1. For region 322-419, report the accessible area per residue in Å² (1.4 Å probe, heavy atoms, rounded to an integer).
2. I'd like the accessible area for GLU42: 1.4 Å probe, protein heavy atoms, all chains in place, Å² to the nearest 10.
3. Given a 1.4 angstrom probe, I'd like the percentage of the accessible area of region 363-492 that is carbon and sulfur, rounded to a whole number.
4. Can you give the accessible area of HIS208 in Å² (nearest 10), computed on protein heavy atoms with a 1.4 Å probe?
5. Taking the Cα centre of region 312-370 as the origin, how large is its charge dipole in debye, to the nearest 20, when only Lys and Arg (+1) and Asp and Glu (-1) carry charge on their Cβ atoms?
6. Using per-residue counts of other Cβ atoms within 10 Å, averaged over each peptide, order 380-390, 285-295, 306-316, 431-441 from highest down.
7. Using amide H atoms built in the peptide plane, which far-off residues or other-chain residues are under 5 Å from MET258 H to H?
8. Can you compute 3J(HN,Hα) from phi for each residue in region 185-197, using the Karplus curve 6.51 cos²θ - 1.76 cosθ + 1.60 with θ = phi - 60°, rounded to whole Hz and x for Gly and Pro?
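The values are calculated or read from the model by the stated rules, or taken from the named source; none is laboratory data. As the structure is a computational prediction, the values presented were derived from the model and not from experiment. Virtual Cβ from ideal backbone geometry, glycine too; neighbours counted across all protein chains shown. Calculation scope for accessible area: heavy atoms of the full protein, side chains included, ligands and nucleic acids excluded. Shrake-Rupley method; radii C 1.70, N 1.55, O 1.52, S 1.80 Å.
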Amino acid sequence: MALGPTLGDGAVAETNQRDGADPSAKSWSGEWNRVLGHLKEEVGEAAYRSWLQPTSLSRCDDGHAIVAAPTRFLRDWVATHYADRLLALWRAENRTVTRVSVVVAVLPKRNGIDTTSGSAEGLEGRHPSDIPLLEPSFGADIAEDKVQVSALDQRFTFENFIVGKPNELAHAAARRVAEACANPVHMVPFNPLFLYGGVGLGKTHLMHAVAWHVRRNACDRKVIYLSAEKFMYQFIRALRFKSTMDFKEQFRSVDLLMIDDVQFISGKDSTQEEFFHTFNALVDQNRQIVISADKSPSDLEGLEERMRSRLGWGLVADLHPTTYELRLGILESKVEQSGITIPRKVMEFLAHKITSNVRELEGALNRIIADMQLIGREVTLEGAQELLRDLLRYCERRVTIDEIQRRVAEHFNIRLSEMTSERRARAVARPRQVAMYLAKQLTTRSLPEIGKKFGGRDHTTVMHAVRKIEELTLTDAALAEDVELLRRMLQS
Ligand code: ADP
Ligand code: MG
């Protein structure tokens, strides 16, 4: 098999480096606290409280840190979302840490850590630090020959991907690539497939889905999926150990190479150079490449011109910000999968309020599910509002209509006074609509309140503006990018 493990028990992020001083001499808990502190800054208060605060450091032996989570659900979540970062941050503190595992610490009554694992039997009542480590069935890194590829998330399949207007092109293109690649007569439909879009909109999901599809239908194909950071890290290592020839060979013998988040490659000259050569060699041999980034090739900064144009040669497909319908569809599907019933009102509330990206949306839903499972409470709209209070506050982080107007005016190079003026010329009316749309999305203000702030306009005018921009972002890529950029700027 070409690619990695699936989500299971001891979630492990691992590197192969073992160097430095005796770990026992270190103060583990101090390090753990610092690591958590850094991660908190990265992920924000709300996510930290939901997922990381409930964990604790169980022990650390021989460079292997074991983090305890109170439920399987939390363990899986922390493992899939944070294992990589935990390890990286920890290694920044202390090079002797080579592995981070996440285990369940509060043991379920019947069968130890995991009913699917025989080795966990008879562990009830034992202190987490006494639990023998289960061998990982989930890993952040696994070796594919000499190349370290990134693990695939079991849930990221085409079946689990909800298609809507904002992502239909990217989805169709990814499917095309997957089917072509799994076909015995391997045709390359477009090379590369370049997927781009804001964070949490499904780029990684689609890439994993392509890998799963090929793996299931043509297991002889060699597929490599890895993050651009990992690509860079390995290239630099190869340089250091003078094994760049091997490194190149590894990459050049693949049928399908997928590199995620290439915005992280930009600016690093030698890696870019290597990437460029690998890329060309693969394209020349008619091997499929899939790339993702947060911006289109033309907007990626710090990229050499020849690289930029090469990346744009194939099909460039973008994932637009989600619409209300898509968000609701995703929630419905996830609720159905979880086998739990959640009132429709609650789902509608979430789809309305959590507009930033699908990851946040899922986070909110998972929190509700976790709360239900842990506390056995029934889900109500009020309960959900209360539970997600900090998350919602975080999503609506102090963005004011004044600020939105100012930023939008700056962005489109119009006077601030045009936000409240009567002028209907497209050049000012469109930015004004964008500002109204953002005001609706990013603040808790009602339509009449927004109207008032825009020169005393009627609430129906605001509603019209919101709809108009929603529609336009589906067909007008440039506008969609403007809106997304403004949204990110305002929320950061
Ligand atoms: P990106 O790589 O663009 O930052 P991801 O692919 O990691 O985003 O997606 C973030 C989360 O949202 C993942 O858990 C993914 O499964 C989910 N997700 C995104 N888009 C969809 C979709 N259309 N249908 C179902 N789940 C989705
Ligand atoms: Mg991603």
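1. Details: 5100 Å² over 98 residues.
Solvent-accessible surface per residue comes out at 52 Å².
2. 90 Å²
3. On the way: 3360 of 6970 Å².
The C+S portion of the solvent-accessible surface of region 363-492 is 48 percent.
4. Its heavy atoms expose roughly 10 Å² to the probe.
5. Details: 7 positive and 7 negative charges, 46 e Å.
Roughly 220 debye, rounded to the nearest 20.
6. Numbers: 380-390: 15.3, 285-295: 21.3, 306-316: 17.2, 431-441: 24.6.
Output ranking for 380-390, 285-295, 306-316, 431-441: 431-441, 285-295, 306-316, 380-390.
7. Sorted by chain and number, the residues that satisfy this are ILE224, TYR225, LEU226, VAL290.
8. Calculated HN-Hα couplings, in order: 8, 7, 9, 9, x, 8, 9, x, 8, 10, 9, 9, x Hz.
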